[in-house]
Every structure is written in structure tokens, then in C-alpha cells.
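The values are calculated or read from the model by the stated rules, or taken from the named source; none is laboratory data. All values derive from a computational prediction rather than experimental measurement. Glycine gets a Cβ as well: all are built from the backbone with ideal geometry, and neighbour counts include every protein chain shown.
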Amino acid sequence: MAFNRVLPWIALAALLALPLGLTPYMHELVVKIMVLSVFALSLELLVGMTGLVSLGHAAFLGIGAYVTVLLSPEADPGWLPKLLAAAVAAAALYALFVGALSLRTKGVYFIMVTLAFAQMAYFVFHDTKLGGGTDGIYLNLRPVLGPIDSGAKLHLYYLVLGALAFTYALLALLRRSRFGHALAGIRVNEQRMRAAGFNTTAYKLAAFVLAGALAGLAGFLLAVKDGFVNPELLSWHESGAVLLMIILGGIGHLRGAVLGAVAFVLLKELFSTPALVGDRLAEHWQLTLGITIIAFVALLPKGLIGLPQRWRARKPPRRAADQGAAR
Amino acid sequence: MDLATFLVQCLNAVQYGLLLFLVASGLTLIFGIMGVINLAHGSFYMLGAYLAFSIAPFFGQHFLLMLLAGLLLSALFGYVLEWAFYSYLYEREHLQQVLMTYALILVFEELRSILVGNDVHGVKPPDWLAGTVPLGDLMTYPVYRLFASAACIVLALALYLVVNKTRLGMMIRAGASNRDMVRGLGIDITRLYRIVFAGGVALAALAGMIAAPMSSVYPGMGGHVLIISFVVVVIGGIGSITGALVASLLVGVVDTFGKVFFAELSGIGVYLLMAVILVWRPEGLMKRA
């Protein structure tokens, strides 16, 4: 267990030192994984910690990204703190609206309603001139803060790493707090929590808004990283992909979300690289990805993080003892 | 807006609503009876449209015969699909259902791309449906659209008769209101599930085939229909066919007239409708107690 405790710190130290020995391609890939990790962590707060399965999480990512670009001045670089705060606030505001309505429903309804509200935001950017329509818009000059220029590769790397560390630490602390325990209680038995005097709807709404705000943070980072935004950021394919990441990694663990983001990006990279899988297959990478996911659902319902546990469970004598101890 | 334009828009609204009903009725039954959230349902609509595109040359002017052939093929496809993939999902959590059906969408889209390519295609209506009828002094209305509405009405009636007047329908209704009780009464639930699923796939594919001559056949056409169908199911109440019918027509009207009055913001009208209904009745219009 001691090793498990220090693992995030080792990962942090490795990531801090990593830019020293990276090719540009790998550098780009690592930044992408870290941004998506922030996004996946924000959804983990909803799905893993609170038990709310949302299929519309990309809306908050997209809104954060769009606000960043729309509020950036044309000729000068924008001021980073202002843009960051605006992106997070806008995403949180839309999450408040969506959450207030969708939390009236449960289960399958909740999944569909969050999906529909994300689609609504998608159409706002897709059909109106507000954000350049289907083409999206470019962010010409990246935001700055004093000597920090998010357009510089190394600065961006540490900015994204800082955001990831912040998100991870925030959620880790949250899990141990009274608020986190209340969310866990709601996930396991909401009725009982209500009977115990908790205003469960308020707790769920708070979690929903916080998750939206963190997704907005990821959106800000994505816009700064890519330098452009388009409506596809809000599409339900993105929402599905991020849900896929946390399931891939393993629901109920913060590191599962990060692991899932790593696995998802690497799988996608692997399946779409002609040198590795051949031209014909690389062109149709979604097919291989789809088949992998289906196999995954069938064989590994607990995610990648459940793998070591599965291997341990293979040894019959220890299994009974382990389970006894767990109970 | 004069009377004739208004009439044309009404016809369009009803026709769109009825088409949605075909897709949503299968979706709501699969939810209600099997408890499976099926993201791949839009793919069956796309499948139907591409099926129409692929087999239309073989049937020439025998359009009805083509629809029948497509219906049988897609029902068979649904039957096999249920056996191969969906039958494993019933005892799983919603999360895994979402994941598996999401993966199926990816697979279907790529298979479509490999088999038919990524071009946009058109399907010609048969000659006997290709004309227009005059409406007022200046307007005309395509015969094919009237045919589409009529076909949907016939199918909706057939669905009503099957669900309300047959023994199979009785089991379906019982399954939608209390799944465990049906199982407890010794009804062959595996077979029932397979039939309902095949029926849902066939209805969605039929909707795609009927829609093919009106809209073009293009990649990703399933996604939009899927989400609008979700909205229909949420508004109507899960498992209720009547609810799905009322909600489909409502969505058809809001969408069609939204396009007339607020061209740019028409995309969000349907979702606003859903938001209002959720505030008013969180479990849908026709939720059974």
C-alpha cells in the first residue's frame, strides 16, 4: 500500500523532468494526454465519486474553450488569469443551468437529458455566427501572464502539468473531506442520506457545477494548446470518448481517470499510425478501436486498474482471505 | 404566412414527427422492456438509408417490395445482433451499456465507410411517387412526402394492433410495466427480448429507408436522429408508445416551425421544449405509475 501512496508523487516528479528528453512529437502527445486527464478527472468526480453518469460532459469543455478564444483580444495576447477565470466561470454557469434541470431525473433519463443539453450547446455554436459556425475560430495570440507565455512550448507544458496536479490534488482532498464522504454516501444510497438529513440535491448540484468548472479548465487548456476551436469539441462523440477514458482506466479511482486518458490517447495513436498497423487499417482506426472497446467491456468490466487485482485473485488460497478482510 | 404555406409546414411537421416516431418507438421499447440504453439505434436508421441506396437498383419501380425486403433483412440483422452483442448487456450497468453501444457506433460507421464509402448519395423515388400535387394557386407538394406520411401511419397502426391486440403485444406491454413479474410468470423472456429488439431495428431501418428519397444518404446521419429520438423518449416517458407518438409529433411541430420563424436558432428549439417538459413533468408525459 505504501507504494500506492507515493505513486502520484513519482508520476509528478517524472512529468516535471520529462521535457528534458522528449522529441517534439512526444512532447505534443504528453501535453495532449495531460489536458485530457484533467477532463477525465472532472468527469470522474461525477461518475466515480457521485454516481451520476453524464453523457454530455463535452459541452463544458467546449464552452471553456470557446470562451477563451472569444474573449481573447484580436491584436494583443490576452491576460491569462482573466481568460482562465472566464472559461471556468462560463462552464460552471452552464453546468448550474443543466444540473438544476437534469438532476430532477435519474438513471437512464439523466444520461439522455445531459446528452440533449450538450447537444443544445453544440447547435448554438454550430448554427450561429457566434463562434464562426461550423468552421470554428482561431486563437492567434496565446494568453500571457508577465513572463509566462502560454504560446511557448515549455511554458505550456508546465502550465498544463500545474493544472493537472491542481485538479488531482483538489479531487484527492475532496474525496477525504466531509463533502466527498457525503457524495460517496449519495452514490451508495441516496435515500438513506436524505433520511440522515442531507440535502442530497444540493450536494449533487455542487458536484455537477464543480465538474463542469474543471471541464472548463480543460477546455481553456485545449484552446491554448491547439490554437483553434470548432463545434466538434462539444459533440457527443467527445462526451462518449471521455466516458470511455474513465471506464477504460477504472471507475472509482482518480488514477484510473489518468490511466484511462493515457490508454485512450495511446490506443488511438497506435491504431491510426500507418507504420504500425498498415495503411488500410490505419485509415479505419475507429473500427479497431470499436472492436477493442467491445472486447474490453466483455473481458475487463473493472477497467485497467482492476488488472492487478484480477491477477491476484487467480491464486485461490488468498482470495477467500482477501475478501474476508475487505468486508 | 399565408394559409397554403402554413398547410405545407403542417404537413412537413407531421411527416417528420411520424418518421421520428418509427425510430423512437423501437428505442423506447428496448429501454422499457430490456432496460438497455442503446446508443447504436441511430446506426440502424443509417443502415436503412444505405440499404435503400444499395438495393434500390434491384427493385426498380417495385418500391413497396423493396421496403418489404429491407424490413426482413434488417429484422434478421437485429435478431443476430441481439444474440451476438446485446444479450450480454442486460445484467450490466448502464455505464457498460453506454460503452458497448458507443463502440458499436464506431464499428458500424467504419463498416459503412469500407463497404459504401464516404460520399453523399441520393435515392430516387419511384416514378409513380415522383410527382407533385397542387396546393392552393402557387404551391405544390411532393407526392412522395404524402406517401411517406401514409406509410408511417400504416406502420404506426400496425404497431398499435400488434401491441394491443395480440398475445405477443400483451407480453410486450407486461414486460414494459414489470419486467421481473413477466420473467416470474414463466414467459420465454430470451425470445421476447430478441423479437422486440429485431422489431425495433426493423422499424428504425424502415424509417431510414422511407427517409432516403427525401433527404440524402450521408455518413453520420444516424447521430442526429439518435439524439432527437432520445429527446422524444424523454418527453414521452420511457416504455410508452403512446407517449412516443405524442412527443414525436410535438417535436416535429416545434422543429419545423422553429426553422420557419427562427432560422438560426432552430437547432435548440427542441431541447428547450424538453427542458420545459422536464420542469413540468420530470418523468415524461405518459409515464406509467
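Data overview
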read-out	value
Pick from region A:108-155, criterion within 14 Å of chain B (Cβ to nearest Cβ) and either among the charged types (D, E, K, R) or touching a Lys or Arg at 6+ places or on another chain (Cβ under 8 Å) (or both), ranking: surrounded by the fewest Cβ atoms within 10 Å (Cβ to Cβ)	A:129
Residues located in region A:291-307, provided they are under 21 Å from the mean Cα position of the chain (by Cα), crowded, with 18+ Cβ neighbours inside 10 Å and within 11 Å of chain B (Cβ to nearest Cβ)	A:293, A:296, A:297, A:303
Residue tally, condition within 14 Å of chain B (Cβ to nearest Cβ), buried (at least 20 other Cβ atoms within 10 Å of the Cβ) and not aliphatic (A, V, I, L, M), over region A:52-102	6
The one condition in (1) more than 14 Å from every other protein chain (Cβ to nearest Cβ); (2) closer than 30 Å to residue B:257 by Cα; (3) not in a helix (DSSP H, G or I) that residue B:38 fails to fulfil	(1)
Residue in region B:57-85 that is surrounded by the most Cβ atoms within 10 Å (Cβ to Cβ), counting only those that are closer than 17 Å to residue B:192 by Cα and in contact with a helix residue (DSSP H, G or I) (Cβ under 6 Å, 6 or more places away or on another chain)	B:78
Identity of the residue in region B:44-55, surrounded by 20 or more Cβ atoms within 10 Å (Cβ to Cβ) and among the aliphatic types (A, V, I, L, M), that ends up farthest from residue A:301 (Cα to Cα)	B:52
Candidate set from region B:207-233 (those that are touching a Gly at 6+ places or on another chain (Cβ under 6 Å) and buried (at least 23 other Cβ atoms within 10 Å of the Cβ)); member that is modelled with the lowest pLDDT	B:222
Filter result for residue A:38 (of a type outside the set (Ser, Thr, Tyr), over 18 Å from the mean Cα position of the chain (by Cα) and either part of a helix (DSSP H, G or I) or more than 14 Å from chain B (Cβ to nearest Cβ) (or both))	no
Single match in A:252, A:240, A:256 (criterion: part of a helix (DSSP H, G or I), farther than 30 Å from residue A:133 by Cβ and within 14 Å of chain B (Cβ to nearest Cβ))	A:256
Lone qualifier among B:252, B:222, B:236, B:169 - being out of contact with any Phe, Trp or Tyr (no Cβ under 8 Å at 6 or more places or on another chain) and under 30 Å from residue B:8 (Cβ atoms)	B:236
Among residues of region B:106-154, those that are within 14 Å of chain A (Cβ to nearest Cβ) and not β-branched (Val, Ile, Thr), counted	10
Answer from B:249, B:278, B:273 - the residue that is more than 13 Å from every other protein chain (Cβ to nearest Cβ) and not in a loop (DSSP other than H, G, I, E, B)	B:249
Residue in region B:107-129 that is surrounded by fewer than 19 Cβ atoms within 10 Å (Cβ to Cβ), closer than 25 Å to residue B:169 by Cβ and over 20 Å from the mean Cα position of the chain (by Cα) present	no
Selection status of residue B:53, more than 12 Å from every other protein chain (Cβ to nearest Cβ), farther than 27 Å from residue B:195 by Cβ, part of a helix (DSSP H, G or I) and among the aromatic types (Phe, Trp, Tyr)	yes
Total residues in region A:211-237, condition more than 24 Å from residue A:50 (Cα to Cα) and not in a helix (DSSP H, G or I)	4
Residues of region B:175-197 that turn out to be in contact (Cβ under 8 Å) with a residue 12 or more places away in the chain and closer than 22 Å to residue B:83 by Cα, as a count	12
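Results for (1) crowded, with 20+ Cβ neighbours inside 10 Å; (2) within 15 Å of residue A:33 (Cα to Cα); (3) polar (S, T, N, Q), shown as yes or no for each residue.
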site: A:196; (1), (2), (3): no, no, no
site: A:201; (1), (2), (3): no, no, yes
site: A:205; (1), (2), (3): no, no, no
site: A:230; (1), (2), (3): yes, no, yes
site: A:234; (1), (2), (3): yes, no, no
site: A:242; (1), (2), (3): yes, yes, no
site: A:279; (1), (2), (3): no, no, no
